[in-house]
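Report on the following structure.
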Amino acid sequence: MATIEFRRIQKQFGDVTVIPDMSLKIDDGEFVSLLGPSGCGKSTTLFMLAGIYLPSGGDLLFDGARVNEVEARDRNVGIVFQSYALYPHMTVFKNIAFPLKFKKVPDAEVSRRVHDAAELVRVAELLERRPEQLSGGQQQRVALARALVKDPTLLLLDEPLSNLDASLRLVMRTEIKALQERLKVTTVLVTHDQVEATTMADRIVCMSDGKIEQIGTPDDLYRRPASRFVAAFVGSPPINLLDGYAADGRLIVNDHPLALEGEPATGEVILGIRPEHLQFMATGGLECRIDQIEPMGRETLYVADSPLGNIRVLESGAGARHAPGENLRIGFHPEHVLLFERGRETLITGARASVRQG
Amino acid sequence: MSGTGIDAGRTEAQRHWDELAFRARRSRRAKDASLFTFLIAVSIPVIVPYFWLLTLAFSAGMEGVDTKVLWPSILILVPAVVATWVWATLARSRRHAMTGWGIIWLVTIVLYAVIVGPHLHLYNFRFLYIPEFNTAYREIVAAEDNPEFSLTSFPSVWSAFWNSLFIAGTATLIVVTISSLAGYYISRFQYRFRASSLATMLILHAFPTTVLLIPIFIVMWQIGLLDTLTGVMLVIVGIEMPFAVFIMKGFFDAVPWEIEMSALTDGATRRQAFVRVVLPQVSNGMIAVAVFVFIRGWEEFIFVLTLLSSNVRWTMSLYTFFVTEETNLGVDYGIVSAVGLFYIIPSFLLYTIAQKYLLQMTVGGLKG
Amino acid sequence: MGATAEDAAIRASARSSMKGRERANMAMFLGPAFLVVGFFFVVPVFVDIAISFTDLGRELRITEITTKNYERAFVSDRQLPAVIWRTLWYVGATLLIFNTTFGLLLALATTSISRTSGTFFRAVWLLPRMSPSVVYAILWVWSVHGGDTSLVNQVLMHLAGTEEPIDLRQTSPMWVIIFANGFIGASFAMIILTSAIRSIPGHLYHAARCDGAGSLARVWHITLPQLRWPLTYIFIWQTLSLLTSFEYILLITGGGPFRATTVYAIFIFQRAFGSSGQYAYGAALAFFLIVPGVILALLLWRISNMRRLLQRPRIEVQ
């Protein structure tokens, strides 16, 4: 088990800078997820942890000791790849036993540990098969067993669920989470899927363009996104983001004035409000007209034309209760409103907007 | 007390990791060094003869084989290449690198011009405009009164050039046309002998044709194509056909069916769909096959040697061969180098330009 | 009733026109290729067998039908055993040293360094393959001939301090042709194995590194098992081409000195097209090469995956 620390880590490939400057600390036994769109540098970060890439600058610390240039083979990390990367010419047993081959473990113990690991991920009956004879889910489990068999100090998961179908993904999500809690191994998960990150990880590191946008619990990221990027990336269906201008305690969006409370923000801002925080109501609020309806099972998403522009409204409960063309009023609670400074795109804390009454 | 204990533990761990990092660095360096040493050492014997050919073509005279230019050239160019290489790893930016390279190569060119320059000339390329370039030997040989040395009568090099071009070019056209047709049919149609026709092509593309040299010679003689360019051209068409069909079939396999289906739905017949929709999709394959066959035709030696005899029908390979024979006594390597260079350049150019296409050819259904 | 008869007639005519188009398509698409292949592969094989039972000689006249060529090959040709032995030695040595092992080393080494450097060294090793055989042979002759101006002698005499020039074509002619052919054969394996190595997913190597494998262990446990099929393919293919090709030998040593490099293929060539012009005897000797040629080509076909090569067509109309 280990604590991990990135101290001003940089990574360049030739002339391209992937990670300009990154600092991050991961506690012993913690489950951290690196979340971001493809190309944001999250896999590069993971590969630096594994020792496959070498940092171009800064310090990478394992338990406080600098390990920048230590080879992958000496770091004792277990890794599961998106493609599982099982060795195609070896049986499942040999695949799982492979990491032990280089640790000079006696045969009897190899066999015991392989069986234990296989038991743990429930592939004990598949040990004599070859990877091509396994289903995606089984391959995934074998890859996990291979990563765990050497009692890694650090477990790395690179998009481990994205090649599985939806229902299997759900099962594996729960299993991996339970396994991690049992083994208490420090784990880093790389994913572009916010649901995966929020359901599995203790903490999420949200990244974009090689920079950390926010570090926090899944709840933090949802409630208090530090930037416009995080607000847009986390949450489904996506948040409504509307350009506005703040002055003299008023917020003007699309020529429509809203009241601004709290610490007065001024200048160009972005108003963010999640579809699930908007409600239809009989009186008050803003007038709007329903444009489009998207049934989503137990919820219904409406796209409405309002004085603020086109906005998405999510209403829970199956079955649409309104029809396109219908005129309604919508409102929101000031607490749910997020304001971002335009340009720096960061959250303005303390400012709230509400629908101007009357 | 406890604080110092933890610190001591830390440094212990750090020392352990530092040791591992040091070992990793060392083994990385050792690996790179041994790989480059190996590759450089084995590549020298390949590169030097070609470089020699190049220097001889531009420097050698009639006084025999000449390495006056080879070694100084190597002594100047090798450090320049090494410097370029080292600079590429040291340079901090692209501009920095460019400036450095500029200086390195300016110095090299000046040095080269001063030291080697005076020895360079184009006299060896006189064969390009003087067909009877070997008169000089005639005089030497006559002077030495050597009755055993029979002199070959040389055609113009351009005659050989056009002959080679005709053989390679026509063979290429025919092979590309026929193999596209057959490759398409085997790839896309269901018929009774489909498996066996593919197997035939697969087996024959591995079958060595030089074994059939004698019967092909006899057949060519029977049908009156011995000592004709058409005969040689047809033989090359035959030799390359199975391979070409197989390669084209592979390219057709990769064309999505949907393209053809939508063409059929739009009212085209199968043949129209083939010409208008499918063929344009395999242009890379046709280029690959064309380049491959052209180079084979351009370089062919054994069949040309056995099937052609009159010197007006010499190809570049025979021309080069006889120029070498002529100077077998070591009289003039300059002209042989010049002819060799003239012959080799089209091949190199084609390989270089078309390598992207050639690399797309999958050889023999490799994966088991 | 009438309607059904009409339907049947329409169906029948549609079927027959479909059949007709099928035949026309087959003739148009497949016909030319099989005509060419038949004329240059099948016909010559039979012609070869036929003339091997005659006395066809330099005058290109057949006077008798005879089996004396085969008698000669099996009984009276004293040179043949030595030629066969030499062939096996030449093919075996070239194959094992260069066409497989060294080619594999080149592929492994050039794929382990940076891409540009790797491409550079591979390009160097492609030079022999890209050169016309005549030019390549000239370079070899110039490099190894016995005068003090050959490259080998220049290096030996100036750098190694050898007193007398050596003539490798006299002292070790077999090694000269093994190296000359090997340089070209190695590049064949290098190209095929490079692309085979490239197609191994990078994640396997990353996984192996994390699992504790060093560079050599990665080559041994990951790369080599994946190269089994390409290596088998190269092995068979190159056996075949080494057995039958002789143009470099012809150009570099001419089979000499004193037949020291006269392998089977060049032996046939000399019998048929040399001063003696014994086409019939050459044809009989060539027949013994056709047999292994066919067997190895069949073997090559066996190891290629026919089922994968023949996917079922998804369009049924002709």
### Query
For the range A:276-303, which residues satisfy the criterion of being more than 21 Å from residue A:259 (Cα to Cα) and in a strand (DSSP E or B)?
A:289, A:290, A:291, A:292, A:293, A:294, A:295, A:299, A:300, A:301, A:302, A:303
### Message
List the residue pairs whose Cβ atoms are under 6 Å apart, where the first residue sits in the range C:41-59 and is open to solvent by 60 Å² or more (accessible area, probe 1.4 Å), the second is assigned to a loop (DSSP other than H, G, I, E, B), and the two are 6 or more positions apart or on different chains.
### Response
C:58/C:277
#### Entry: Selection count where residues are under 27 Å from the mean Cα position of the chain (by Cα) and assigned to a helix (DSSP H, G or I), scope the range B:80-127
10
### Query
Of the residues that make up the range A:53-68, is at least one within 11 Å of chain C (Cβ to nearest Cβ), within 31 Å of the chain's Cα centre (by Cα) and crowded, with 17+ Cβ neighbours inside 10 Å?
yes
### Query
Counting just the residues of the range C:154-178 that are in contact (Cβ under 8 Å) with a residue 12 or more places away in the chain and assigned to a helix (DSSP H, G or I), which one comes out most open to solvent (accessible area, probe 1.4 Å)?
C:170
### Query
Residue check: is residue B:230 open to solvent by 30 Å² or more (accessible area, probe 1.4 Å), among the β-branched types (Val, Ile, Thr) and at pLDDT 90 or above?
yes
### Message
For the condition in contact with a Pro (Cβ under 6 Å, 6 or more places away or on another chain) and of a type outside the set (Asp, Glu), what is the one hit in C:192, C:200?
### Response
C:192
### Message
For a quick check of your reading: which helices (runs of 4 or more DSSP H) sit entirely within the range A:70-183 and have at least 1 residues that are open to solvent by 10 Å² or more (accessible area, probe 1.4 Å), modelled with pLDDT under 90 and among the hydrophobic types (A, V, I, L, M, F, W, C)?
### Response
A:107-120, A:166-183
#### Entry: Any hit, the range A:237-245, residues being within 10 Å of the chain's Cα centre (by Cα) and not in a strand (DSSP E or B)
no
#### Entry: Failed condition for residue A:320, given (1) loosely packed, with under 13 Cβ neighbours inside 10 Å; (2) out of contact with any helix residue (DSSP H, G or I) (no Cβ under 9 Å at 6 or more places or on another chain)
(1)
### Selection from the range C:276-311 of residues that are at pLDDT below 85 and either touching a Ser or Thr at 6+ places or on another chain (Cβ under 8 Å) or on the phi > 0 side of the Ramachandran plot (or both)
C:277, C:303
### Query
Hey, among B:306, B:269, which residue is over 26 Å from the mean Cα position of the chain (by Cα) and either at pLDDT 90 or above or open to solvent by 10 Å² or more (accessible area, probe 1.4 Å) (or both)?
B:269
### Task
For residues that are in contact (Cβ under 8 Å) with a residue 60 or more places away in the chain and open to solvent by 30 Å² or more (accessible area, probe 1.4 Å), scanning just the range C:189-199, find the one that is farthest from the other protein chains (Cβ to nearest Cβ).
C:198
### Message
Would you confirm whether or not the range C:285-292 contains a residue that is among the aliphatic types (A, V, I, L, M), open to solvent by 50 Å² or more (accessible area, probe 1.4 Å) and within 14 Å of chain A (Cβ to nearest Cβ)?
### Response
no
### Task
List the number of the failed condition for residue C:100; all other conditions in (1) within 12 Å of chain B (Cβ to nearest Cβ); (2) within 30 Å of residue B:351 (Cβ to Cβ); (3) within 27 Å of the chain's Cα centre (by Cα); (4) not aliphatic (A, V, I, L, M) hold.
(1)
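Name the residues in the range B:171-192 that are in a helix (DSSP H, G or I), open to solvent by 10 Å² or more (accessible area, probe 1.4 Å) and within 7 Å of chain C (Cβ to nearest Cβ), would you?
B:178, B:181, listed by residue number.
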## Note on the structure
Restricting attention to the range B:197-251, the residues that are within 18 Å of residue C:296 (Cα to Cα) and touching a Pro at 6+ places or on another chain (Cβ under 7 Å) number exactly 4
### Query
Here are some conditions: (1) touching a His at 6+ places or on another chain (Cβ under 8 Å); (2) at pLDDT 90 or above. Residue B:241 meets all but one. Which one does it not meet?
(1)
### Task
For the range C:1-77, please list each of the helices (runs of 4 or more DSSP H) lying entirely inside it that holds at least 3 residues being within 14 Å of another protein chain (Cβ to nearest Cβ), within 16 Å of residue B:217 (Cα to Cα) and at pLDDT 85 or above.
C:43-52
### Query
Do we find a residue being out of contact with any strand residue (DSSP E or B) (no Cβ under 9 Å at 6 or more places or on another chain), open to solvent by 30 Å² or more (accessible area, probe 1.4 Å) and among the charged types (D, E, K, R) anywhere in the range C:85-96?
yes
### Query
Among the residues of the range B:227-238, is any under 20 Å from residue B:198 (Cα atoms) and part of a helix (DSSP H, G or I)?
yes
### Subset of the range C:249-263 (residues that are more than 10 Å from chain B (Cβ to nearest Cβ) and buried (at least 19 other Cβ atoms within 10 Å of the Cβ))
C:249, C:252, C:253, C:255, C:261, C:262, C:263
### Task
Only residues that are in a loop (DSSP other than H, G, I, E, B) and touching a residue at least 60 places away in the same chain (Cβ under 8 Å): list them for the range B:258-300, please.
B:282, B:300
### Query
Looking at C:209, C:218, which is the one that is touching a Phe, Trp or Tyr at 6+ places or on another chain (Cβ under 7 Å) and open to solvent by 10 Å² or more (accessible area, probe 1.4 Å)?
C:218
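The values are calculated or read from the model by the stated rules, or taken from the named source; none is laboratory data. Just so it is clear, the structure is predicted and the values come from calculations on it, not from any experiment. We place every Cβ from the backbone using ideal geometry, glycine too, and count neighbours over all the protein chains shown. These area figures cover heavy atoms from the full protein model, side chains too; ligands, DNA and RNA do not enter into them. Shrake-Rupley method; radii C 1.70, N 1.55, O 1.52, S 1.80 Å.
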